[in-house]
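Everything below concerns the one structure shown next.
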């Protein structure tokens, strides 16, 4: 590759051209710093949100995200391109979050907490639905608030799985790789976590939920 082509490819990587995560890893391993920066920009917001919902503190989530990306960068050469980069990233992130939670008691969450921290962390708190009535809005807000609290009350292992499944939309096989659990165990724990959440929210969801 001549110098002009090298500069052009470097610029394209730095701008986040239509490269897959796995291609960006390959570029980064060849010394293209912009490739790893693109990976960080691409995944940072979702990763901070995921960690926030596990550890309950915005500042801690941001610090953990930096730690995760540092670990990813230092061990990039061990990445197996047979798997998705996102799966590998979230495996490292989940291990960091669990280590953090084992050091400290999980943070509690007030039913009337200020949502400014969530907005500044990039967490989407918008309500689903088409032109909801004021009553619907209030009910959905209460449900959302109660759900956040109920998720944080789950055992750490169950919380991790339910967030990977329903917040990050990971497939069961991806979750199994991230957590290094048998897929049957993953499915069973997610089912049990859902039952726990239904029990916590039964008065809002109704008997058919």
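Some values worked out for this structure:
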| read-out | value |
| --- | --- |
| Per-peptide average of other Cβ atoms within 10 Å, ordering 146-152, 74-80 highest first | 146-152, 74-80 |
| Estimated distance in nm for a label pair at residue 153 and residue 180, the labels positioned 7 Å out from Cα along Cα-to-Cβ | 3.2 |
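Readers should treat all values here as calculations from the given coordinates under stated rules, not as data from a laboratory. A quick note: this is a predicted structure, and the numbers were derived from the prediction, not measured. Quick reminder, even Gly has a Cβ in these numbers, built from the backbone with ideal geometry, and neighbours come from all protein chains shown.
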